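Below you'll find the structure, written out as structure tokens, and then a few comments.
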Amino acid sequence: MTSTPRSVENFDIDTKSMNATKHEHLEITSDGISWTPEEEKKILRKIDLQLMPIMWLMYLLSYMDRTNIGNAKIAGMQTDLNLTSNEYSICLVVFFVTYVVFEVPSNMLIVRIRPSVYLPIIMTIWGALTCCMAAIKDYKHLVALRIFVGVFEAGFGPAMLLLMSSWYKREEQSKRFGVYISAAILSGAFGGLLAGAITGGMDGAAGYRGWRWLFIIEGAATIFVAILSYFILPDFPSTTARFSERERQIACARLTQSGVTAIAQGAERMSKGKSFILAIKDWRTIGFVLGYMVIVGSSTLSYFYPTLVNGLGYTSTVQAQYMTVPIYAVAFVCTAITAYFADRIPNHRGLIIACWLAFSLITSILVCVIYNFTARYALLVLMAAGLWASNAISLSYAGATFGDMEPEVRGIALALVNALGNLAQIYGAYLFPADDKPKYLLGFGVISAMLGIGVVVYVIMHILTRRKDGLSKFF
């Protein structure tokens, strides 16, 4: 008896089904470990769920705690404490001095201490210090508290950069850094709304001025999230107890496949001195420090948003608080879109940053020559969008470029970029003196010059990183 042959159509369907099944079970091998794409997707989702939400919330409150002084200033703090413009600038500067000094030592510690313990501790302390600001009686008290907030908050930023660059492959980092930076952006928007509601609605409650309530409420929220983070925040891929042994192996192997050097459990640690020397001798560290100094120095604008908006014609204090919200809202949208596309074209991150800095440069120059209040406000919104988008991509660019460094060296290199970049905020605190109101030509003129330097730096970094052997396919 002759069997009836299957139709060509059925044969094609069976072949496609077999190929699909084969693809589903295709294994990836790296560092002696094999896994399927499905396993990697599940682990990536787990990393995102355990790391990104709590990290985002922690950074939201971190940024709010360091910038709420700007909202408190125009809500009565300057009058109550009899602060001069120069004294207010000193209050900003002392924070950044200790913040910069303690960043590198902090990242030397975190590669040896569990991040899930270290970060909640320092966050609880700076939250308590923020609450204490409600009790200040004079300028000296404010300076002292700002110094200590800088000491303890110094460890947060570089630790988060190290954690993200230690969990994600190079081509996965821009979107995550975009999410991270969005916390700072939304803290500005939310901080403006919250400051307006608190300083306007709670002024005089229990005998306290509204700006004092601002410090109490935001400091208490920081302490609460710090305690919560202890139960959620993962450690490094090879050491976290929140992943199974199999998941830890795959998490480390996928990084090796991407060219990222993972922190190995039980491995011998490189000495602090050697790590520091290797980090500062690497030309990439120098390049990213210069570039980030330009971005952060220009972004000191954010500490003066309420003051600038007030000076642009919105004379009501509460209205000035609320008018800062659109600045952050537009920046959030631009940063999200930029971060999404940066991972799709990771070999052009340097050019993306250069383009945004050039855009902000144009708006800054226009602010110097246009004095219409509405037009200047619109330009301020656009300028901030370019600066925030550049900030997010510059961090992912540095983190991905440093991926082949030993973990101890990478931690110090990232801390140096963040620390020395933030050093720019020291002189940035003096860019907008009260007597320069309402044009603020000094501030916008200096920022224009810095942005021009930034465009050149990132174009050069784009060219040099693409030429570096072994990294051209990523950059």
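Some notes on this structure:
- Number of positions in segment 174-196 that are at pLDDT below 85 and not β-branched (Val, Ile, Thr): 12
- Residue in segment 430-444 that is modelled with the highest pLDDT, counting only those that are open to solvent by less than 30 Å² (accessible area, probe 1.4 Å) and out of contact with any Phe, Trp or Tyr (no Cβ under 7 Å at 6 or more places or on another chain): 444
- Residue check, residue 286 under 30 Å from residue 387 (Cα atoms), open to solvent by 70 Å² or more (accessible area, probe 1.4 Å) and either of a type in the set (Ser, Thr, Tyr) or at pLDDT 90 or above (or both): yes
- Only residues that are in contact (Cβ under 8 Å) with a residue 12 or more places away in the chain, open to solvent by 40 Å² or more (accessible area, probe 1.4 Å) and out of contact with any Ser or Thr (no Cβ under 9 Å at 6 or more places or on another chain) were counted in segment 345-358, giving 2.
- If you filter segment 229-248 down to residues that are open to solvent by 70 Å² or more (accessible area, probe 1.4 Å) and not basic (Lys, Arg), you find that the one that is farthest from residue 119 (Cα to Cα) is 245.
- Flag for residue 339 being at pLDDT 85 or above, over 23 Å from residue 196 (Cα atoms) and either open to solvent by 20 Å² or more (accessible area, probe 1.4 Å) or of a type in the set (A, V, I, L, M) (or both): yes
- Subset of segment 157-183 [more than 27 Å from residue 96 (Cβ to Cβ) and among the charged types (D, E, K, R)]: 169, 170, 171, 172, 175
The values are calculated or read from the model by the stated rules, or taken from the named source; none is laboratory data. Note that the structure is predicted; figures quoted are calculated from it, not measured. Methodologically, a virtual Cβ is constructed for each residue, glycine included, from the backbone with ideal geometry; neighbour enumeration extends over all protein chains shown. Surface areas here come from the heavy atoms of the whole protein model, side chains and all, with no ligands, DNA or RNA. Shrake-Rupley method; radii C 1.70, N 1.55, O 1.52, S 1.80 Å.
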